[in-house]
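The structure under discussion appears below in the form of structure tokens.
The values are calculated or read from the model by the stated rules, or taken from the named source; none is laboratory data. All values reported here derive from a predicted model rather than from experimental measurement. Cβ sites come from the backbone with ideal geometry, for glycine too, and all protein chains shown count toward neighbours. Areas reflect the complete protein model, heavy atoms only, side chains present, ligands, DNA and RNA absent. Shrake-Rupley method; radii C 1.70, N 1.55, O 1.52, S 1.80 Å.
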Amino acid sequence: MVSLPIRLGYKYFRSKKGGLISLTSGIAIAALAIAVSALIIVTSVMNGLEKELQDRILGVVPHVLIHSDKPINDYENLVDKLENDPLVVKASPYIQFQALASYGTKSRGIMLTGIDSYKEEDMSILPNFIIAGSLDSVNDGNNIVIGNWLASFLGVSLGDTITITTTNIRTTLIGSFPRSINLTVSGIFELKAELDQSLVITSHQLAQIIDNKKDATQSIRVKVNDLFEAQAIANELSFNLTSEKQYFVGSSWKRTHGTLFRAVQMEKLITSLLLFLIVIVASFIILSTVIMTVKSKEREIGILKTIGASNKQLVLIFIFQGALISFIGIILGVVFGLIGTWNVANLVAFIESILQRNLLDQYFINYFPYSIDVGEILFICGVSFALSILATLVPAFKVSKLDPSAVSYTHLRAHETDSYLVCRLLLE
């Protein structure tokens, strides 16, 4: 008797003509598979985008900056003190200010940044993304390293000289003018991120001269061991450094780029919620499939009730049918979702070849990154299965309310084959 719900549920799942599955079951499976695969592909791509932004932007942007209300003179001792802190991975002097880069008739606003290039390999991923020249070349004379996007915009390459105009005012006998300096491009990097169009790197010593800092620095850059606790660490470090002589304030990447990452997370959440609507639609298709099965099998249900089948057994028949549809649909959805995720770049390339245009040229990340999160896939599968089973419960419990006395036994002989099969399955 225990096998009755499974055997009849599987029978109703299959086609009446002996096929592997019925048409309605196939449609429900396809709908659920499409919904689950779409969720997996989109969430994986969104995870990849978030990870790329984290690696490429937060890999270059300072995790923490320690500022002061006046130039920091004794910065070398402060850097040593910070590096002895267990929360700190590395520290170095840092100067950054706005400027205007000009070459020929083209100009672009930039952030001119002075760094200690010898420590940069431990501070950021920038040395790994140099595509021409070298980062250490900034220590040789008036050299700078710029982003590939900015180099293309200005039309410059290695060895070209760019005019950098700062906000510092130089006063002469004939008037006051913004200070300008000619710097040579000695390196080009490409992060494929927004920083490619604005970040310009030079040595800390040259930045001191340009920004009139003499032997001082503007701030101290700190790389911390816990990226997402950066603001709390910044507050603690600045508090420890503050003394009667100088007051320090700490800021983190969340102040400059936190909005971007919150926007990505919000977009991921909203997109996932919208795609879960497809899962709900697929659940309604399963609901319709089970309702149609219940409606078409009222005679057999009545016979089963008459010869002693319990309401629990009858309900389990249709729950098993819905569960079988859900299980197969989710498994296919996971398979197609993983295949689609691994081949999303090939799919985009195929679409671009048909349209004869690059769809991602205008974006800084001009490809589809992806990151498969097993936990998220299990969550998608679990929620999809739960929604499908909930949709199945409504028509399944309606079976228990069917009145067996409504069965017409004169009608039974006209469908003797089906009725005999039902009774035989019940008695086996």
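Tabulated results
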read-out	value
Residue that is nearest to the chain's Cα centre (by Cα) [pool: residues in segment 369-379 that are surrounded by 14 or more Cβ atoms within 10 Å (Cβ to Cβ) and among the β-branched types (Val, Ile, Thr)]	Ile372
Those residues of segment 380-408 which are at pLDDT 70 or above and either β-branched (Val, Ile, Thr) or under 16 Å from the mean Cα position of the chain (by Cα) (or both), in sequence order	Ile380, Val383, Ile389, Thr392, Val394
Where Glu121 falls short, out of the listed (1) under 28 Å from Ala216 (Cβ atoms); (2) buried (at least 20 other Cβ atoms within 10 Å of the Cβ)	(2)
Residue in segment 69-77 that is touching a residue at least 12 places away in the same chain (Cβ under 8 Å) and polar (S, T, N, Q) present	yes
Residue within segment 85-103 that is of a type outside the set (Asp, Glu) and either assigned to a helix (DSSP H, G or I) or at positive phi (or both) present	no
Hey, Leu82 crowded, with 16+ Cβ neighbours inside 10 Å, part of a helix (DSSP H, G or I), at negative phi and modelled with pLDDT of 90 or more or not	yes
Checking Ile210 against (1) touching a helix residue (DSSP H, G or I) at 6+ places or on another chain (Cβ under 9 Å); (2) open to solvent by less than 10 Å² (accessible area, probe 1.4 Å), the condition it does not meet	(1)
Segment 232-262 - residue that is without any contact (Cβ under 8 Å) to a residue 60 or more places away in the chain and touching a Phe, Trp or Tyr at 6+ places or on another chain (Cβ under 9 Å) and, of those, farthest from Asp74 (Cα to Cα)	Lys254
Selected residue [open to solvent by 10 Å² or more (accessible area, probe 1.4 Å), more than 30 Å from Ser326 (Cα to Cα) and among the hydrophobic types (A, V, I, L, M, F, W, C)] from Leu87, Leu112	Leu87
Residues located in segment 35-79, provided they are of a type in the set (Val, Ile, Thr) and either in contact with a helix residue (DSSP H, G or I) (Cβ under 8 Å, 6 or more places away or on another chain) or open to solvent by 10 Å² or more (accessible area, probe 1.4 Å) (or both)	Val36, Ile40, Ile41, Val42, Thr43, Val45, Ile57, Val60, Val61, Val64, Ile66, Ile72
Any hit, segment 328-345, residues being part of a helix (DSSP H, G or I), modelled with pLDDT under 85, out of contact with any Asp or Glu (no Cβ under 9 Å at 6 or more places or on another chain) and surrounded by fewer than 16 Cβ atoms within 10 Å (Cβ to Cβ)	yes
Only one of Ser117, Ser102, Ser92 that is of a type in the set (Ser, Thr, Tyr), under 24 Å from Gln231 (Cβ atoms) and in contact (Cβ under 8 Å) with a residue 60 or more places away in the chain	Ser92
Positions within segment 108-127 being under 16 Å from Ile188 (Cβ atoms) and in a helix (DSSP H, G or I), in sequence order	Glu120, Leu126, Pro127
Qualifying residue in segment 167-180 (condition: buried (at least 22 other Cβ atoms within 10 Å of the Cβ) and in a loop (DSSP other than H, G, I, E, B))	no
Filter result (in a helix (DSSP H, G or I), open to solvent by less than 60 Å² (accessible area, probe 1.4 Å) and under 16 Å from His204 (Cα atoms)) within segment 128-141	Leu135, Ser137, Val138, Asn139
Count - residues of segment 224-263 that are outside any helix (DSSP H, G or I), open to solvent by 30 Å² or more (accessible area, probe 1.4 Å), out of contact with any Ser or Thr (no Cβ under 8 Å at 6 or more places or on another chain) and not β-branched (Val, Ile, Thr)	5
